[in-house]
1. Figure the gain on full extension for Met388 and Arg19 (residue separation times 0.36 nm, minus the Cα-Cα span) and round it to one decimal in nm.
2. Among 362-369, 305-312, 268-275, 69-76, how do they line up by average Cβ neighbours within 10 Å per residue, starting with the highest?
3. Stretched out fully, how many nm does the piece from Ala5 to Asn74 gain, at 0.36 nm a residue minus the Cα gap?
4. Please tell me the relative contact order of segment 332-485 in percent, rounded to the nearest whole number, where contacts are Cα pairs under 8 Å and at least six residues apart.
5. Between the DSSP loop rule and a limit of at most 15 other Cβ atoms within 10 Å, which trypsin sites (Lys or Arg not before Pro) in segment 371-422 are left?
6. On a full-extension model of 0.36 nm per residue, what is the gain between Ile518 and Asn54, subtracting their alpha-carbon distance, rounded to one decimal in nm?
Amino acid sequence: MIIKALTLENFKGISEPVRIEFKPITLLYGPNSAGKSTIVQAIHYAREVLDRNNIDADITQQGGEFVDLGGFRNFVHGHEIERKVKLSFELNLANAVIPTYHDIALDNIIEGQGPIPECDLSYLVKTAAIGLTITWSAQFKRPYVSEYRSWINGEEFACITADPDGKWVKISEINFLNPLFVLQSDAYGTGNPSTPLLEIYDLAFPNKFKGDYSQVDIPLYGQKLAIPNWGRELLIGQERSITEARDMEVESLSVLQFAAILSQLVVGTGELLLNELRKFRYLGPIREIPPRNYEAPRFHEHARWSNGLAAWDVLNNAGDNFVEKISSWMAGRLNTGYSVGLRRYREIEYGSRLHSLLISGGLLDEDEDTVRRMYEECPEQGQVILKMNDKLNVMPQDVGIGISQVLPAIVAALAGIDLLVAIEQPELHIHPRLQAELGDLFLEAALRDAGNFFIIETHSEHLLLRIMRRMREYASGGSDTPSSLHPTPEAVGVWYVDADDGQTMVREMPLNEFGKLIKPWPGGFFEEGLREVF
């Protein structure tokens, strides 16, 4: 996953900027109603903005009945609509390819120009960040994205601003002091001195340059983006001396190349963020038990993960290997006493020819190919069953509520790769030993099996204790931790969320390599047992 961190400001209980770094396992602890869900809801909201242009979001695409943001007036901090909601995502792009755009309309810059040469700067971009500012328009009585900022390699790169009506969107700032704007052709040590780079003619350009604008069609979620019309001021091409560059006439194609690169670095990084948000999976705090006559829907709905039904959908449509994998966790690793199976069958319509032949005993009189064709035309169905102690088949409605709650968490953790998976209360209705075993599930799904990243909102001390134990075993060189797992402080993040006078406070609780907390829990969190016993 390329999303590295999220910073929030003026969103729900968070007023001042709060940065949360995401690790393969990110655990959120804290009292009830302290604001733990705010972090997950911000991810929902970011997708609504970027994917559906749903700025005044209430019900979200993935959150289902559990995530209703209530619109801008509700989720802006303190319900003060003059505040600006800000969300920024940091991205690790060391191994990513940034989308390029070469279909820019040329009408407003130059006529009759050929295609824009390929100029991909992905290899120069190691990190990026995208920031969104949501502002309330008093004129139109609705919120809008007033700013879209981008950072490249830790330095501010550009800012896109928009009018409240959305008709005028322009690049208002470009930071020419960003290291990408250099005069040497191998500034990043690529060993490729012929790489086309951005070259600045006038070294006296201000940090934030603002100039005249011409309209250019650059993809920005269906809108047109204005870029500066610099004329002689910029050149894209092979490295030339400053003197030579000043004496040359700037080719119009260079301006178009510059527009294409701006599109890649400013808009393309946003596309990468959107692609990651589309892989976001959310499992809500209460998982629904499927009815006895349950049938998986024909089309996948993201919101079905929120109530856990998507897990049963996945099992119904999965192959035998995946069902066996889930079963091995349920019956073996977690030792719940139940295994998972999939009963497959075909429906024969009452009164059909095949049905009549079965009733009358006339199948032997029919041609074998005809019978096979009639059989294959019957719709195939699947039904998930639970097997108690590998003997008695039971339905999900016939077992304890804890089993029906934990199974969707297992499926959500293992179904898919390279996902960002948020799970609320995975420990719901299960006993302490099983809560601890979930620590192993998330470690293996994150660090070995699926490469997923997890945001776990939980109150379970037992889950954390198992992860801390695995970190200690790995740091000590013990044999209990599989060699393919590396549960280090870089893999596990713990955050404590609390409310103070209406403000949501988020504090990191770092672990050392042996899985020990470097600082104590605020307010004696998790010390209730000591107080009760002693």
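1. Working: separation 369, 0.36 × 369 = 132.84 nm, distance 4.55 nm.
Once the chain is fully extended between Met388 and Arg19, it gains 128.3 nm.
2. 305-312, 268-275, 69-76, 362-369
3. Values: separation 69, 0.36 × 69 = 24.84 nm, distance 2.45 nm.
Value of the extension gain: 22.4 nm.
4. Working: 178 pairs, mean separation 31.3, N = 154.
With pairs under 8 Å counted, the relative contact order is 20 percent.
5. Values: sites: Arg372, Arg373, Lys387, Lys391; in loops: Lys391.
Those satisfying the criteria are Lys391.
6. Values: separation 464, 0.36 × 464 = 167.04 nm, distance 4.12 nm.
Stretched fully, the Ile518-Asn54 segment lengthens by 162.9 nm.
All of the numbers you see were taken from the coordinates with simple rules; none came from a lab. Bear in mind that the values here come from a model prediction, so they are computed numbers and not experimental data. Note that we place each Cβ from the backbone using ideal geometry, even for glycine, and neighbour counts take in every protein chain shown.
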